[in-house]
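> Here it is, the structure, as structure tokens.
The values are calculated or read from the model by the stated rules, or taken from the named source; none is laboratory data. These figures come from a predicted structure and were not determined experimentally. Note that each Cβ is placed from the backbone with ideal geometry, even for glycine, and that neighbours are counted across all protein chains shown. The protein model used for the area step is the full one, side chains on, heavy atoms only, and it has no ligands, DNA or RNA in it. Shrake-Rupley method; radii C 1.70, N 1.55, O 1.52, S 1.80 Å.
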Amino acid sequence: MNLTTSTHNRKLRLILWLAVFALFELPALSCGPDFPVAIFTLQHGPDHLTAYAAGHIGVPQPNYRTRSLVIAYDWLTAHPLSVDGQKQAIAVNHQLLAQDSFDDATKPPANPSGFDSWMKARAAFGAVDGYTPDPKMDTFATITGQDYFQYPNCLDDSFATATKTLAARAASYGAKDPAVVEWVRGQDAVFNNCPGKPSPQAAASKTAAPLTTPAAAAVNAPTWLKQDRAYQIAAANFYAENYDASLADFRAIATDTVSPWSAVSRYLVARTLIRKATMTDSYINGPADPDAAKMKAAADQLHATLGLAQKELLAMQAAPPMAQLKSSIDGLLDYVNLRYEPDAQADVLATRLHTTGAPSFGQALIDLTYLRVNSNTTGTMPLSDAAVAGDKTGMLKWINSFNDTTKKTALAQWRATKNNAWLLAALAQATPGDATNATLISAAQAVPASDPAWTAITYHRLRLMPRGATMRTALLAVLPQITKNESVSTVNLFTELNAETAPTLEDWLAAAGPIPASETSWGEEVGSLDSKPVDQLCGAKLAPDKTHLFTQESADVLNMLLPLDELATAAESKTLPPNLHFQVAQSAWARAVLLDRPEIAKRMTPLLVACRPAWKTVLAAYDSAATSLDRKANSLLALMRFASTEPNVRGGEQRFEGFATYSMFRDNWWCTVPPQAANGPSDDATVATPKPPAARPPFVTAADRAKALSDLQTLQSFGSASTYFANQALAWYKAHPTDPRDADILGEANQVLRNSCRDEKLTPPLAHALFDALHQHFPQSAWTKKYKTWE
């Protein structure tokens with residue numbers, strides 16, 4: 001009628017847990033805009049779960065979510081997922097990913113058919129006492145101690161059951177029968193409790209509807225109505241959070257074996273105990289309390305009440321009259337055991353997840369994830385030693401070990417078991433140069449290509465091999481197969497090895513700019529990139545999932561390991577796609593101008609103009625300078641002309657504003673040389689400069705590194721663009737007070753200072769000096785008229 005059983009219970013377990021899970025899965029968000037960051041290899045799950053669940057596991061990462069590691073372990077140990085298991089895994093993944101926002105965590109399911117059917121049936125029945133339910137009625141109640149989080153109090157199956165019961169009573173006795181009308185009156189009162197108890201503020205202001213309890217059936221009422229009414233009253237107390245009254249009511253109905261609600265009421269005794277234990281104590285649901293004694297008392301009470309629920313459910317399992325509710329009882333017992341005896345339940349879950357064709361595979365994935373979520377911090381925690389010790393499948397120990405790359409525990413397990421799951425874990429935990437690598441590499445070479453573990457084991461085998469011709473030959477031999485058959489994340493891992501071992505600049509350029517697998521949104525990995533075409537710095541519009549970007553490692557090589565001459569050679573190569581080719585060319589040009597290497601700058605001019613004709617005038621002025629002083633003035637104007645100019649290439653996302661548009665977040669020109677890692681623009685011109693990478697590709701010689709370091713030190717001495725241009729403009733005007741370009745040089749520098757990184761100490765006096773120079777000496781200049789104040 002209103003509290004149903006099997007499907008109802010499973011949805012309750014899923015939605016209640018998801019609402020809480022979302023609280024702990026979301027990252028801490030800072031104020032400010034969301035700057036996406038390109039991800040070349042997903043760290044928390046596979047690119048495409050459909051292929052992954054079917055056994056195409058690629059190269060699992062240590063930070064994969066629990067559900068993804070479970071799937072990997074099953075395939076690695078020859079326990080493949082059934083077709084139904086694959087579908088359940090995909091459905092669970094979608095459900096859990098959908099909880100990435102607080103709003104989604106508390107929304108009811110889309111198209112609630114039971115709710116809709118009740119509202120239609122109720123509208124068709126007509127008003128009772130002038131009342132018909134509001135189709136927009138709230139079915140969620142606020143969790144005690146958590147004013148901003150709710151749980152689904154009245155679930156969809158409750159409305160579906162009420163709809164069926166109304167139809168049955170109307171068919172048997174007639175819709176106009178007074179007893180049927182009274183039944184509807186009582187059911188309206190039941191559902192009026194769905195929003196739960198009003199907040200103290202709402203209750204004080206009398207804005208909340210009063211909670212109602214159906215009136216007891218009249219003495220002369222028909223037996224069926226008395227039985228239904230007893231159940232309605234019990235349900236109303238349950239929804240109103242009057243759990244002691246509800247328990248007494250359900251126990252009484254359970255003993256009335258004549259009542260059609262007897263069996264379900266016995267089951268609902270356990271449901272009520274669980275709801276009472278988990279939803280009413282602010283010390284359980286609210287923030288941590290400094291009173292440790294109160295927190296412990298609340299935890300003890302929770303445990304004790306769950307123990308009572310477990311006892312009730314175990315007794316139901318052995319009672320023949322309860323056989324019709326076996327699925328619901330089993331599911332609710334899992335819910336209790338997950339919280340009452342988590343270590344023992346972990347073994348139960350592992351067994352289910354390691355059994356091909358287990359009907360509750362999806363729910364077990366959810367439950368195991370729950371066990372590994374630490375309620376005090378974001379992320380997952382290792383399962384306890386007791387849980388791992390009781391696991392007969394080895395899954396829990398493997399997940400713990402695979403997640404923890406700092407403890408090389410997998411090697412001993414592989415030696416003991418010789419299975420590929422532990423071989424992969426041992427390889428993943430190993431680092432180049434380990435004494436045991438030769439043994440692991442030899443074992444990895446014996447894994448056939450038909451094995452689900454082959455791709456991951458091959459990757460780690462190549463990663464651990466000594467760098468040289470043998471490793472390079474082995475890598476090139478498998479690259480075509482990897483590129484053809486694997487996901488973008490997996491391809492990018494092998495591509496990274498390709499770049500690290502590239503013997504020539506051309507070989508390296510071919511591997512330096514892969515297509516990202518995804519990007520972050522508010523710090524979280526998104527499942528797939530947008531397919532809508534976007535503007536490129538150079539070249540045709542391309543969708544993000546077709547756009548090559550430099551990895552951060554590649555950007556570090558270009559920015560910190562290549563001398564200017566080599567950077568210019570890279571810019572002239574035809575290997576890179578147009579957008580990356582333009583980035584390298586503009587970086588080489590900017591560095592050449594700043595380092596006063598006009599011969600390099602001239603080589604870059606045709607490359608830049610071919611992509612951006614707007615640069616032609618300023619580049620031509622610089623290239624045609626007759627004297628060094630002429631070139632100096634034109635260099636300042638050229639560098640300051642376009643906001644996208646910087647002596648760096650970017651790792652990951654390109655400049656969000658494109659070529660020359662100003663960024664409102666001061667992502668204009670440069671803050672440091674080289675730039676920080678791609679975390680969005682900074683407003684601080686004093687941010688620390690990254691250190692050059694310790695390792696370098698084979699084609700970068702020691703002489704190249706020395707020249708690059710010399711270039712880098714000179715560029716770093718200039719500081720941020722805003723400070724550099726302001727100082728240079730003021731010095732130029734002081735030395736050349738009659739040059740016709742003075743106003744433009746001062747004005748452009750003033751514009752840079754207003755629109756790029758700031759220095760807390762240097763910016764204000766420089767801004768004053770530029771403003772004063774313009775207003776005192778060039779009062780009629782367009783720059784003077786543009787800026788009326790110094791800031």
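> Show the residues, 5+ positions off or on another chain, whose built amide H is closer than 5 Å to the amide H of Ser518.
For Ser518, whose amide H was placed from the backbone, the distant partners under 5 Å are Ile39.
> Excluding ligands, DNA and RNA, what is the solvent-accessible area per residue of the chain at a probe of 1.4 Å, expressed in Å²? Intermediate results must be reported in sequence, preceding the final value.
Working: 34310 Å² over 791 residues.
On a per-residue basis, the chain sits at 43 Å².
> Could you check the spin-label model distance between Thr661 and Gln324? Points 7 Å from the Cα along Cα→Cβ, value in nm.
According to this spin-label approximation, the distance is 6.5 nm.
> Of Asp759, Asp116, Asp244, which has the most accessible area and how do the rest follow, probe 1.4 Å?
Details: Asp759 25, Asp116 65, Asp244 100 Å².
The most accessible residue leads, giving Asp244, Asp116, Asp759.
> Around Ala695, with a cut-off of 15 angstrom between Cβ atoms, what is the net charge of the other residues, counting Lys and Arg +1 and Asp and Glu -1? The partial results should precede the final answer.
Numbers: positive: Arg463, Arg467, Lys691, Arg696, Arg705; negative: Glu496, Glu500, Glu553, Asp556, Asp704.
Counting the neighbours of Ala695, the net charge comes to 0.
> If amide H atoms are built 1.01 Å from N in the plane of the peptide, which residues on other chains or at least 5 residues away come under 5 Å of the amide H of Asp596?
For Asp596, whose amide H was placed from the backbone, there are no distant partners under 5 Å.
> Another question, then. Given labels modelled 7 Å from the Cα in the Cβ direction, how far is it in nm from Val609 to His777?
Label-label distance for Val609 and His777, simple model: 3.2 nm.
> Continuing with this model, one more query. Using only the Cα atoms of the stretch 366-457, each taken as one equal point scatterer with no solvent, compute I(q) by the Debye sum, divide by I(0), and report log10 of the ratio at q = 0.18, 0.25 Å⁻¹.
Here log10 of I(q) over I(0) equals -0.86, -1.28.
> Computed FRET efficiency, Cβ-Cβ of Arg467 and Glu341, R0 45 Å: what is it to the nearest 0.05? Don't jump to the answer; show the numbers that get you there.
Numbers: r = 51 Å, r/R0 = 1.13.
Once the sixth-power term is evaluated, E becomes 0.35.
> Take the alpha carbon gyration tensor of the stretch 543-624, find the square roots of its eigenvalues, order them as a ≥ b ≥ c, and report rounded if a/c is under 1.5; if not, report prolate when a/b exceeds b/c, else oblate. Intermediate results must be reported in sequence, preceding the final value.
Numbers: a/c = 2.38, a/b = 1.32, b/c = 1.80.
Oblate shape, in that a/c is at least 1.5 and b/c is the bigger or equal ratio.
> Right, next: What range in the chain is the longest one free of trypsin sites (Lys or Arg not before Pro) that are in a loop by DSSP and have at most 11 other Cβ atoms within 10 angstrom? Mind dumping the intermediate values first?
Working: sites that count: Lys136, Lys176, Lys206, Lys392, Lys407, Lys418, Lys541, Lys574, Lys761, Lys788.
In short, 575-760.
> Using only helices, what value at 222 nm comes out for the chain when you add -39,500 (n - 2.57) per DSSP H run of length 4 or more and divide by the total residues, to the nearest 500 deg cm²/dmol?
Details: 37 runs with 446 residues, N = 791.
Calculated mean residue ellipticity at 222 nm is -17500 deg cm²/dmol.
> Express the carbon and sulfur contribution to the solvent-accessible surface of the chain as a percent, rounded to the nearest whole number, probe 1.4 angstrom. Numbers along the way, then the final one.
On the way: 19450 of 34310 Å².
Carbon with sulfur: 57 percent of the solvent-accessible area.
> For an R0 of 22 angstrom, estimate the FRET efficiency from the Cβ-Cβ distance between Thr483 and Glu572 and round to the nearest 0.05. Kindly include the intermediate steps, with their values, before the conclusion.
Details: r = 27 Å, r/R0 = 1.21.
Using R0 = 22 Å, I get an efficiency of 0.25.
> In addition: Note down the nm distance, to one decimal, between modelled labels 7 Å out along Cα→Cβ at Thr351 and at Lys176.
In this crude spin-label approximation the distance works out to 6.1 nm.
> Now for a different question. Please list, ordered by chain and number, the residues whose modelled amide H lies under 5 Å from the amide H of Arg758; skip anything fewer than 5 residues away on the same chain.
Amide H to amide H, under 5 Å and 5 or more residues apart or across chains, Arg758 pairs with Asp684, Ala685.
> Another one. Subtracting the Cα-Cα distance from 0.36 nm times the residue separation, let me have the gained length for Ala124 to Thr504 in nm, one decimal. Walk me through the numbers on the way to the answer.
Numbers: separation 380, 0.36 × 380 = 136.80 nm, distance 7.83 nm.
Value of the extension gain: 129.0 nm.
> Taking 0.36 nm per residue of sequence separation and subtracting the Cα-Cα distance, how much length would be gained by fully extending the chain between Ala167 and Lys616, in nm to one decimal? Mind dumping the intermediate values first?
Values: separation 449, 0.36 × 449 = 161.64 nm, distance 7.97 nm.
Between Ala167 and Lys616, full extension yields 153.7 nm more.
> Still on this structure, please answer the following. Considering the values [x] 33; [y] 25; [z] 15, which represents percent of Cα pairs over 53 Å apart as calculated for the structure under consideration?
[x]
> Give the shape of the stretch 293-426 as rounded, prolate or oblate, defined through the alpha-carbon gyration tensor: a ≥ b ≥ c are the square roots of its eigenvalues, a/c under 1.5 means rounded, and otherwise the shape is prolate if a/b is larger than b/c and oblate if not. Spell out each step's value before the answer.
Working: a/c = 2.75, a/b = 1.50, b/c = 1.83.
Here the stretch 293-426 falls in the oblate category.
> Let me ask something additional. Over the heavy atoms of Ile366, what accessible area does a 1.4 Å probe trace out, to the nearest 10 Å²?
That residue has around 10 Å² of solvent-accessible surface.
> Could you compute the net charge surrounding Glu341? Neighbours are other residues with a C-beta less than 13 Å from the C-beta of Glu341; K and R count +1, D and E count -1.
Values: positive: Lys311, Arg339; negative: Asp334, Asp343, Asp347, Asp367.
Neighbourhood net charge equals -2.
> Please state the equivalent ellipsoid semi-axes for the stretch 689-750: what are the square roots of 5 times the Cα gyration tensor eigenvalues, largest first, in whole Å?
On the way: eigenvalues 266, 28, 15 Å².
Calculated on Cα positions only, the semi-axes equal 36, 12, 9 Å.
> Now, a different point. Under the 0.36 nm per residue contour assumption, what length would be gained going from the current alpha-carbon distance of Ser82 and Ala299 to full extension? All intermediate terms of the calculation are to be shown ahead of the outcome.
Values: separation 217, 0.36 × 217 = 78.12 nm, distance 3.94 nm.
The Ser82-Ala299 span can extend by a further 74.2 nm.
> Let me ask something additional. Given the pairs Lys602/Lys788; Lys87/Lys164; Lys276/Lys326; Lys176/Lys326; Lys136/Lys164, which are separated by over 28 angstrom at their Cα positions? The partial results should precede the final answer.
Details: Lys602/Lys788 38 Å; Lys87/Lys164 30 Å; Lys276/Lys326 23 Å; Lys176/Lys326 37 Å; Lys136/Lys164 21 Å.
Pairs exceeding 28 Å: Lys602/Lys788; Lys87/Lys164; Lys176/Lys326.
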